[in-house]
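The values are calculated or read from the model by the stated rules, or taken from the named source; none is laboratory data. Quick caveat: nothing in here was measured; it's all calculated off a predicted structure. For neighbour counting, all protein chains shown are included, and Cβ atoms are generated from backbone atoms with ideal geometry for every residue, glycine included.
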Amino acid sequence: MGLPGMDSELIVKPEGEVKIETSGLGLFYGEFQALRDVSVTIAARQITALIGPSGCSKTSFLRCLNRMNDLISGARVVGEVLLDGRDIYHEATDVAVLRKRVGMVFQTPNPFPMSIYDNVAYGPRLHGRCSRSELDEIVEKSLRAAALWEEAKDKLRKSALDLSGGQQQRLSIARVLAVEPEVLLMDEPCSALDPTATFRIEELMIELMTRYTIVIVTHNMYQASRVSHYAGFFLLGELVEYGPTEQIFENPKDQRTDDYVRGRFG
Amino acid sequence: MKGTQSMHRPQKLGPRATQAAAFAALWAAAALVLLPVAAILGVMFVRGGRAISWEMLSSAEDGLLPAIVGTVTLVALTAVIAAPLGIAAAVYLREYAPRGPLVRLIRLAIVNLAGVPSVVYGLFGLAVFVTLLGFGRCLLAGACTLALLALPLVITASEEALRQVPERLRAASFALGATRWQTVRRIVLPNALPGIITGLILSVGRAAGETAPILFTAAFIALTKPFPSSVLDPIEALPFRLYYMATEAHGITEDAKWATAAVLVGLVLTINLVAVITRARLRGARRW
């Protein structure tokens, strides 16, 4: 645990509206401490990239933000995560509502084994939207927002599993958008995709940024520098440095960040 | 250097010869397993074939029809009782239960339940369903007893089917704000259904051939009333009929006994076949 004065130099607070704020966030898997003392502020309607070598717990951090770690037995969280100023780990929090507000796109595309339409309509149906016309509208809007409508509009009733990997990932994004989240957590969304599909997802993120707060975990340094406004560098369960992307990539203050972004390790 | 070493290593048999020997031994072992099955089925169908006739199968008075109807009814009712209990237990164990001593205890109980001899189920059924609950010797009591017998298999097969639903589908559902029950009902169960149904059919198929559990609880030899009119009537059943013919009845030819056995085995094999076909058809519709 670093001194507060020391932290303030390396962990920069973004300007403007705040969406998520963590303080002293720690995560344990049984005895193993995966995250220690992460205090960070995530700006609303901006793209925040989390970078770092494999096993540095950046994905674990992401999963703290929508309480997906609750599903892992033996996982325990300490500290606070504030979403719009409210602690999501408060006992009164309805986790289902939280996850509706904080959507997640996973590393590998994971469409449900059902039609494209039913995939997108899954979330709205869960939350009680059942009328045919309303669902039709949501499905079209979400597929358009995920840049999949033109390719999918003629085969909405076909199995989602017949889509290509890149299309499946855009479907996963459409599925999340259909529940109208405020925050999008993306866990290496392009790692299973080819460069063309990756480019489309990146374009999409920039489009979505105007309406959603996006937090993306990525291994791809170029991706982080291309799309994000803020970047955080994780190492061994600690947030080493956090600030405007330019600063992290061009002029990092910590030697370890400098080594990593220059490709000296990881 | 490497090459010379291995070339000069002394070997009694070349890899090809070892391969051939291993193949022969394994083939023989597999063939040996087939032998008793073929022998039993062969004797049964040859000897039974001599005695079997349409009349024997379809006559309600001295034919097998009451026993066939009885066994089919019994199996159907067993499935109706065992399915909800077994599937619910499996869903609890796989999807809800936190890992801990309680679940370990339940699993231990299931394993032990599967190991209990079937005659003990019969006595238990007699004590609980026939006497204590006052069902009397009847279809319902027999089906309850058989359902208990089938339950460990149903639970185990259902749990396995649930386990095969990929974790990432559950994660995707939770991440969209689904509750656990919504996830189970809309994602997990539909995708596990082929496996669950197959397991259920196979389990009750096994129960169909059991004699001991129905001996004290349901089965009788119908002299006046061949077909039950309610679940509280006793029934004829093929395994019991066979047991009776083999031990107590007089003036019945060996071939007639084999014929009854052939009908029972035929019925069980048909049930298994239904399970296999169901699985193949349902599986074709789903993949991930």
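Points worth noting:
- Any hit, segment B:128-141, residues being surrounded by 14 or more Cβ atoms within 10 Å (Cβ to Cβ), within 14 Å of another protein chain (Cβ to nearest Cβ) and not in a helix (DSSP H, G or I): no
- Looking across segment A:150-170, the residues that are within 14 Å of chain B (Cβ to nearest Cβ), farther than 21 Å from residue A:47 by Cβ and buried (at least 18 other Cβ atoms within 10 Å of the Cβ) come down to A:159, A:160, A:163, A:168.
- Just one of the listed residues (A:126, A:65) is within 12 Å of another protein chain (Cβ to nearest Cβ) and within 17 Å of the chain's Cα centre (by Cα), and it is A:65.
- Filtered by the rule that a residue be among the charged types (D, E, K, R) and buried (at least 23 other Cβ atoms within 10 Å of the Cβ), segment A:212-266 gives a lone residue, A:241.
- Matching residues, segment A:84-114, being touching a strand residue (DSSP E or B) at 6+ places or on another chain (Cβ under 8 Å) and within 14 Å of chain B (Cβ to nearest Cβ): A:88, A:93, A:98, A:101, A:102, A:103, A:104, A:105, A:106, A:107, A:113, A:114
- Some residue of segment B:93-105 being among the hydroxyl-bearing types (Ser, Thr, Tyr) and either exposed (fewer than 15 other Cβ atoms within 10 Å of the Cβ) or not in a helix (DSSP H, G or I) (or both): yes
- The residues of segment B:89-120 that are among the hydroxyl-bearing types (Ser, Thr, Tyr) and in contact (Cβ under 8 Å) with a residue 24 or more places away in the chain, listed by number, are B:96, B:118.
- Helices (runs of 4 or more DSSP H) within segment B:179-273 that include 3 or more residues of a type in the set (Gly, Ala, Ser) and within 14 Å of residue B:73 (Cα to Cα): B:189-208
- The set of residues in segment A:47-58 being crowded, with 21+ Cβ neighbours inside 10 Å and either in contact with an Asp or Glu (Cβ under 7 Å, 6 or more places away or on another chain) or outside any strand (DSSP E or B) (or both) consists of A:52, A:56, A:57, A:58.
- Test set (1) in contact (Cβ under 8 Å) with a residue 60 or more places away in the chain; (2) away from chain A (no Cβ under 14 Å) - residue B:39 fails condition number: (1)
Conditions tested, residue by residue: (1) away from every other protein chain (no Cβ under 14 Å); (2) closer than 30 Å to residue A:100 by Cβ; (3) among the aromatic types (Phe, Trp, Tyr).
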residue	(1), (2), (3)
B:182	no, yes, no
B:194	no, no, no
B:198	yes, no, no
B:201	yes, no, no
B:210	yes, no, no
B:213	yes, no, no
B:216	yes, no, yes
B:222	yes, no, no
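- Single match in B:107, B:170, B:163 (criterion: more than 14 Å from the chain's Cα centre (by Cα), within 14 Å of chain A (Cβ to nearest Cβ) and over 22 Å from residue B:76 (Cβ atoms)): B:170
- Counted as qualifying within segment A:157-266 are the helices (runs of 4 or more DSSP H) with 3 or more residues that are at pLDDT below 95 and in contact with an Asp or Glu (Cβ under 7 Å, 6 or more places away or on another chain), namely A:221-227.
- Test for residue A:61: is it hydrophobic (A, V, I, L, M, F, W, C), part of a helix (DSSP H, G or I) and under 21 Å from residue A:188 (Cα atoms): yes
- From B:70, B:86, residue being under 20 Å from residue B:235 (Cα atoms), touching a residue at least 40 places away in the same chain (Cβ under 8 Å) and assigned to a helix (DSSP H, G or I): B:70
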